[in-house]
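What follows is one structure encoded as structure tokens, with my remarks underneath.
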Amino acid sequence: MRVAVIGVGMTRFGKHPEKSLVDLFAEAFWEALNDANIELKDIEAVYFGNFVGELTDGSANLSGFVADEIGLKNAPAIRYEGACASSTVAFREAVRAVKAGYHKCVVVGGAEKLLSAGTAIGTRALATAVDGIYEMTAGLTFPGVFALAARYYGKKYEIPLQKLREMIAYVSVKNHRYGAMNPKAQFYGKYGDLKVEDVLNSKMICSPLTLLDCCPMTDGGSAVIIANEKFAKDVCDKPVYVLGTGQASGGSLFRQEDDIIKAIPRKKAAEMAFKEAKITPKDVDFVEVHDCFTIAEIIALEAMGFFDYGTACYATAEGVTSMDGDLPVNPDGGLIGKGHPVGATGTSQIYTAVKQIRGEFKWNQVKNARIAMTDTLGGDFGTLVNVILGVD
Amino acid sequence: MFLEFFKSLQEGKLIGMKCKDCGSYTCPPKQSCNKCSSRNLEKVTMSGRGIVKTYTVTYVAPMGYEKEVPYIVALVELEEGPWIIGRLDVEAKIAEDNDLTEKRVSVFAKEMPGEIFYPLKDKRIVPYFRLEG
């Protein structure tokens, strides 16, 4: 039996020092529950994604607390950690559990508080996702990972570094334009008319990537409710089906050698998802990709099979990935424009995909959106999860 | 094996593993071959020389590393094949104003302060790459 998403919710992304990780999840959950039009008792288990609650809020083992907060007393509740892909890992596990018949209906979501933690703790917390011995002793950060990839991309595909910087800056311009339109985005109403020069001239973080090449630190929560097809049809007018999922892993960045710009685990995960959904990249109407950095969106689109290696930067600069292009990418602003509350990011991509497919994403609706694909990356290509969603 | 790796590096030796099945090298050591996954490995001393494949000048550091900025993280392809991570031993300005990719380097160890979350609490051993003439 198929699995469907029947309700979605997310907090405004941004700064929430007054709310706990549990509060952020709960706020998203109530919206999802209301959206699904079911009762609390229908939900049998909680799948919760969180990356670094220990470091930002001194809290681990959060799954029981979130279940209790929403009143699901004694329900099985599990925390999943896959760095920035935590809640997509949780989503895929939940889908498999429902598909296997273990559950009829469950909630999946996540929460993270990186902005409130401050830049020093936030950067160290994020860096726990690199190789903890060899990469950490060198002081590798996540902007650093993608800065290494960006310079190598330019060399490998014979693009002068300055030219590459200009082309990838379009990712930031585009995603900020869409983020500025999204009322749930961290940068709602801000940076909507960013220029390429603004990106190039902003503060250098890890050369060649500037602050505006990077997604922000973010607090936020998200939640989605999934169910088997029978229950979904009983309670929901517009179930959005999970057509396929894929997941793969990778080791330390340096061990990936020449493949650091090819994201092989993502290629494998995407192929797995396409195979299960019995579709090809051409059938996808729009994608939500993990644009933690501008170059990351380029690498993602190539590894997923939407563009040949070494070409997505040209396509992006030409507008192919804009709303009026052939393949709209990150219509909600992506991580760059919407924000990146790590553990909540994956299910917020599902949120956008479902709203778009239902035709409810009125501030930036993809026309005739029927099939969407999401892409979430954890670490330096350590955990990759792709999800394909659609309607009949 | 990371302690032995760092201790050897301080003594001027870069150690890795050679696969007795496929002949390729894994460095730093890992319990399976990075190419063919075999466990039939022998410990070897690597040449310690290679070329810079990519690098980044880091201006914003994590907590515990702030005093070290700007520092240059680099990926180097060793003569024997594997890529390793470390830092380029040059001024940030030189790394920004010049393209140092494909430059020949040799590896050595520098001792840096430890930090609260690093597995070695008292110090970190950082592989550094020195440009060869």
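The values are calculated or read from the model by the stated rules, or taken from the named source; none is laboratory data. Since the structure is predicted, the reported quantities are computational estimates derived from the model, not experimental observations. Heads up, the Cβs are rebuilt from the backbone with ideal geometry, glycines too, and the neighbour counts pull from every protein chain shown.
The single condition among (1) at pLDDT 95 or above; (2) within 28 Å of A:Thr280 (Cβ to Cβ); (3) outside any helix (DSSP H, G or I) that A:Met167 does not satisfy is (3). Screening the range B:74-133 for strands (runs of 3 or more DSSP E) wholly inside it with 1 or more residues that are in contact with a Ser or Thr (Cβ under 7 Å, 6 or more places away or on another chain) and within 8 Å of another protein chain (Cβ to nearest Cβ) returns the ranges B:123-131. Quick one: is B:Leu88 free of Cβ contacts under 8 Å to residues at least 24 places away in the same chain and not acidic (Asp, Glu)? In short, no. Among the residues of the range A:234-261, write down those that are without any contact (Cβ under 8 Å) to a residue 24 or more places away in the chain and either away from chain B (no Cβ under 12 Å) or in a loop (DSSP other than H, G, I, E, B) (or both). Once the filter is applied, which keeps residues that are without any contact (Cβ under 8 Å) to a residue 24 or more places away in the chain and either away from chain B (no Cβ under 12 Å) or in a loop (DSSP other than H, G, I, E, B) (or both), the range A:234-261 yields A:Asp234, A:Asp237. For A:Gly110, the stated conditions do not hold, so it cannot be described as more than 17 Å from the chain's Cα centre (by Cα), modelled with pLDDT of 95 or more and not hydrophobic (A, V, I, L, M, F, W, C). Considering only residues of the range B:22-31 that are exposed (fewer than 15 other Cβ atoms within 10 Å of the Cβ) and on the phi < 0 side of the Ramachandran plot, which is nearest to the other protein chains (Cβ to nearest Cβ)? My answer is B:Gln31. When the range A:295-319 is filtered for residues that are surrounded by fewer than 19 Cβ atoms within 10 Å (Cβ to Cβ) and in a loop (DSSP other than H, G, I, E, B), the ones remaining, listed by number, are A:Gly305, A:Asp308, A:Tyr309, A:Gly310, A:Thr311, A:Glu318, A:Gly319.
Rundown of residues vs (1) closer than 26 Å to A:Glu276 by Cα; (2) touching a Pro at 6+ places or on another chain (Cβ under 6 Å); (3) surrounded by fewer than 22 Cβ atoms within 10 Å (Cβ to Cβ); (4) not β-branched (Val, Ile, Thr), yes/no style:
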position: A:Gly58; (1), (2), (3), (4): no, no, yes, yes
position: A:Ala94; (1), (2), (3), (4): yes, no, no, yes
position: A:His103; (1), (2), (3), (4): yes, no, yes, yes
position: A:Leu115; (1), (2), (3), (4): no, no, no, yes
position: A:Thr119; (1), (2), (3), (4): no, no, yes, no
position: A:Arg124; (1), (2), (3), (4): no, yes, no, yes
position: A:Thr137; (1), (2), (3), (4): no, no, no, no
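Contact map, the range A:94-120: residues that are under 30 Å from B:Glu66 (Cα atoms) paired with residues that are outside any loop (DSSP other than H, G, I, E, B) and modelled with pLDDT under 95, Cβ distance under 6 Å, separation 6+ or inter-chain. Pairs shown: A:Leu114/A:Gly122. Residue count for the range A:147-203 under the criterion of being buried (at least 16 other Cβ atoms within 10 Å of the Cβ), of a type in the set (Phe, Trp, Tyr) and more than 25 Å from A:Gly14 (Cβ to Cβ): the result is 2.
Meeting the requirement of 3 or more residues that are more than 9 Å from every other protein chain (Cβ to nearest Cβ), the helices (runs of 4 or more DSSP H) wholly within the range A:84-155 are A:86-99.
Which members of the range B:46-73 meet the condition of being part of a strand (DSSP E or B), among the hydrophobic types (A, V, I, L, M, F, W, C) and surrounded by fewer than 20 Cβ atoms within 10 Å (Cβ to Cβ)? The one that is part of a strand (DSSP E or B), among the hydrophobic types (A, V, I, L, M, F, W, C) and surrounded by fewer than 20 Cβ atoms within 10 Å (Cβ to Cβ): B:Ile51. Kindly list, by first and then second residue, each pair from a residue in the range B:41-66 that is at the interface with another protein chain (Cβ under 7 Å from one of its Cβ atoms) to a residue that is assigned to a loop (DSSP other than H, G, I, E, B) and surrounded by fewer than 22 Cβ atoms within 10 Å (Cβ to Cβ), limited to pairs with Cβ atoms under 6 Å and residues at least 6 apart or on different chains. Matching pairs, first to second residue: B:Val57/B:Pro70; B:Tyr59/B:Val69; B:Tyr59/B:Pro70; B:Ala61/B:Val69; B:Gly64/B:Glu115.
Just one of the listed residues (A:Thr311, A:Thr321) is of a type in the set (Ser, Thr, Tyr) and under 19 Å from the mean Cα position of the chain (by Cα), namely A:Thr321.
Among residues of the range A:186-214 being small (Gly, Ala, Ser) and farther than 24 Å from A:Ser348 by Cβ, the one that is farthest from the other protein chains (Cβ to nearest Cβ) is A:Ser202.
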